[in-house]
1. Would you mind listing the helices (runs of 4 or more DSSP H) fully within segment 83-190 where at least 1 residues are under 23 Å from the mean Cα position of the chain (by Cα) and not hydrophobic (A, V, I, L, M, F, W, C)?
2. Would you check if there is a residue in segment 21-28 being surrounded by 10 or more Cβ atoms within 10 Å (Cβ to Cβ), of a type in the set (Val, Ile, Thr) and at pLDDT below 80?
3. Of all residues in segment 259-294, count the ones that are crowded, with 17+ Cβ neighbours inside 10 Å and of a type in the set (Asp, Glu).
4. Name the residue, out of SER119, SER172, that is closer than 23 Å to ALA212 by Cα, free of Cβ contacts under 8 Å to residues at least 40 places away in the same chain and of a type in the set (S, T, N, Q).
Amino acid sequence: MSATKQFHDELRGFAEEQQKKTRTLRSHPPPDEKWIDFTAAKPKPKARAAEPPAKLLPKVIAYDTETGKPLSSQETREEKKEAAVAVFVPWREWLASAVAKALDAVAADEAAITQVLRSIHCEGRVQEQDVDVLVGTASRNYVAVAAADLEANTLELPPCVPNAGKVHTASSHPHRVAIKVQPKGTCTEAAVGITKKSAAGAAVAINAAVAATYYVHPEYNLPLGRDEDEEDHEGSMMRTSLWKWRGDETLHPFWAVGRLSANELHKNNTASRSKHVFNMGLADKVFAVVTVGSVKGESVAMTTEVTVPIMTNTESVRRGDELIMEIAAKGEAGKRKAQSWKEDAQAKANAKAKPKATAKATSYLGVGSEV
């Protein structure tokens, strides 16, 4: 019937013609009359969307009053599951790729720096260095001085950060210390040219030929001071009895050494009528972090070279001399655009004649008789 539905009008016309001839209405043509043309193009049937299976409705379960057994049960339906297909995971190809080799490179570098600084902090016998740190009881300003007469290059003060232990992949801190790391081995050679983003978002290039640079920030935290007239249980004013220890102090003298630009040192000497000079500098020292072991009888040894700047006295110093290291002058916070070329030329001439003084560094401190 669905096939002849589209020929309903033709069928009615044919029946009317037959009625005129026979004076009778025929509802359908005789079987021997082939008036329907099935050779015409048939319309393509529309694709029927898959109907969701009918929902299973709950039924009331009837029970036999005598036996207590259920007389009916709920309807159930088994879902058709596709046959599971197993495929091989290409973990070997991934492990051999340069991307996989570089995945933990930044974390390994940071760990190597932390391990070197911790080794120096614990085993470097830094406490035997001839350096004293003095602090004003009222101002809490501290200054590092020589504890004895020292020849040049006698001190070796490391930039340890045992409290935070934080290593930065990028830094704009004015007193940051750059530490270089260069791993050795086939793992690093396979990762040449790979760039990876650190946790801070900075892009870090992994290259066997070029050492990566990281930074540590100043870390100096004094203990709490006690009252000046407070004595210990023996009645003697010991050096440690002046402080209340909290456990989060970090007192490496590296961070107590004054850091000034040439212009700042000149201003401070003029103001205090003193003759302080730059007598401290940084000298690179290479440390090796070595991993030794084997897996399946094959060596997994790796070596990482960590270059740490160690602070030393570049000049001979006398006992009580303040230790000061020269740093670059701070850039101007902002520059006003010159209104004319004459003002611009005059500003440049003034800058060459006398560099603009910057603010006094907080690490340069005067100590009076109160200490």
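1. Counting at least 1 such residues, we get 98-102, 105-123, 186-190.
2. no
3. Looking only at that region, the number is 1.
4. Just a single option satisfies the conditions, and that option is SER172.
The values are calculated or read from the model by the stated rules, or taken from the named source; none is laboratory data. Model, not experiment: these values are computed from the prediction. Ideal geometry is used to build each Cβ from the backbone, glycine not excepted, and the neighbour counts take in all protein chains shown.
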